[in-house]
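Below: the structure, in structure tokens.
The values are calculated or read from the model by the stated rules, or taken from the named source; none is laboratory data. Note that the structure is a prediction, hence the values are computed from the model and not measured. Cβ: placed from backbone, ideal geometry, glycine included. Neighbour counts: every protein chain shown.
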Amino acid sequence: MTHRNIYMTDELQAIYDQTVEFVEREVTPHGEQWEVDGKVPREVLKKMGDLGMFGLRVPVEHGGLGLGMLASATFSEALGASTFGGFDVSVLVHTDMAGPHLINSGTKEQLDQWLPGVLSGDTILSIGVSEPDAGSDVAGMRTTAVRDGDGWRINGTKTYITNAVYGNMTIVAARTSTENRYGITMFLVPAGTEGFSVAKKLDKHGWRCSDTAELVFDNVWVGDDQVLGTVDRGFYETMRNFQNERMVLVGMGVGAAQVALNQTLEHVQNRPAFGGHLWDLGAIRQRLAMRQAELDAVRASMYHAAWIGDVGEDNVKEMSGVKAYGAEVVNNANLLSRVKPGMLVA
Ligand SMILES: Cc1cc2nc3c(=O)[nH]c(=O)nc-3n(C[C@H](O)[C@H](O)[C@H](O)COP(=O)(O)OP(=O)(O)OC[C@H]3O[C@@H](n4cnc5c(N)ncnc54)[C@H](O)[C@@H]3O)c2cc1C
């Protein structure tokens, strides 16, 4: 099958091909072991950095390619071909969930300081928004940052934070206003900062090779130069990237679901049954055709919603629909397949 779509350019096709080739060589053969270890080896992330794979969204003046959502859609679909969702999500948290906060809101000094390591894979990022009592309801968070001298004092806990056990810097959301429920600010908090610790590495049923942390902030002091973006505007800065986050989660699911359908096709064509093969049964062919048609629809609408974003228009309606419908379609496709439980997607 071809992955060309109406928005595909030679550059995007090259990104797709390079990424699929990388995961076939460096990820798929080793992913089972990473699932057991609960960790993606750092050397693999470093290799991706060396190949320029962390720079798709980084502005050209900072050494990246300065591309938009279509590039992230392409990259996430290609990563999904690995079928190891934990690997995909570790990479995508770095490039497409935490990274954009820095790129969108960072001062020149912050970008100069942090982007070289982000690009090379020496600085792996995480994004700390969720808390034990605040998930979908981002504004319900309780972690606070209170003015203290020339900086801020952060106290609270975060949970389910991908890449924060083995990563190098967490972009942390904390409440900075007592009157305004949406008065949240983002902070750059490097691993090793005094008072900032991993309370627990959480175990999971799927995506086991992505590390997931429970974090504690115990009187953590950060300077004003560690404020990312505008004080009290972090809620809106977080929301700004939500369409991109939704998209890459669907993208990796689409890539994996296509593998699942391909595996299923091969299986039914070779599985002897009733004097022929399962493939000879009309009901089997019809089910597979429906799952493929649904997946094609999700893929096409994902790229379309990415394009709407890239031309500068609001794509909240389109991308939210892609995420909601896409997750169902991806899960339906995987239920049909022989993809193993550890390879959970979307
Ligand atoms: C593997 C993994 C990795 C993660 N990585 C990160 C990370 O790196 N950084 C980070 O900050 N967070 C991360 N998260 C947290 C994730 O963002 C939250 O799980 C998510 O926001 C949902 O929050 P919750 O789990 O508290 O569920 P809740 O918000 O409590 O939702 C529970 C249920 O209520 C439903 N619900 C919620 N709101 C509504 C509504 N308005 N209307 C109808 N139904 C609703 C939900 O669909 C869900 O079924 C991760 C989670 C997981 C599982």
Task: Leading residue by the ranking (farthest from the ligand (Cβ to nearest atom)) among those in the stretch 125-137 that are part of a strand (DSSP E or B) and either of a type in the set (Val, Ile, Thr) or crowded, with 20+ Cβ neighbours inside 10 Å (or both) - done: Leu125
TODO: Output the qualifying pairs, or none if there are none: Cβ atoms under 6 angstrom, residues six or more apart or on different chains, first residue in the stretch 163-181 and on the phi > 0 side of the Ramachandran plot, second residue buried (at least 22 other Cβ atoms within 10 Å of the Cβ) and not basic (Lys, Arg).
DONE: Asn163/Ser90; Asn163/Val93; Asn163/Ile124; Asn163/Ser126
Open item on the list: If the requirement is being within 16 Å of the ligand (Cβ to nearest atom) and either on the phi < 0 side of the Ramachandran plot or of a type in the set (Val, Ile, Thr) (or both), which of these qualifies: Asp112, Asp88, Asp122?
Closed with: Asp88
TODO: Report yes if some residue within the stretch 253-269 is more than 16 Å from the ligand (Cβ to nearest atom) and more than 20 Å from Asn332 (Cβ to Cβ); otherwise report no.
DONE: yes
TODO: Could you grab me the full set of residues in the stretch 192-226 that are among the hydrophobic types (A, V, I, L, M, F, W, C) and not in a loop (DSSP other than H, G, I, E, B)?
DONE: Phe196, Val198, Ala199, Ala213, Leu215, Val216, Phe217, Val220, Trp221, Val222
- [ ] Take His101 and decide whether it is more than 25 Å from Asp17 (Cβ to Cβ) and in contact with a strand residue (DSSP E or B) (Cβ under 7 Å, 6 or more places away or on another chain).
- [x] yes
Open item on the list: Which pairs turn up if I take residues in the stretch 288-313 that are aromatic (Phe, Trp, Tyr) and look for partners that are in a helix (DSSP H, G or I) with beta carbon separation below 7 Å, at least 6 apart in sequence or on another chain?
Closed with: Tyr303/Leu70; Tyr303/Ala73; Trp307/Leu70
Task: the stretch 109-124, subset in a helix (DSSP H, G or I) and charged (D, E, K, R), residue farthest from Gly183 (Cα to Cα) - done: Asp112
Open item on the list: Kindly evaluate Lys158 against the criterion of being free of Cβ contacts under 8 Å to residues at least 40 places away in the same chain and either within 15 Å of the ligand (Cβ to nearest atom) or in the same structural domain as Val40 (by TED's automatic domain parsing) (or both).
Closed with: no
TODO: Please note which helices (runs of 4 or more DSSP H) are completely contained in the stretch 1-108 and include at least 1 residues that are of a type in the set (Phe, Trp, Tyr).
DONE: 10-22, 31-37, 69-80, 85-92
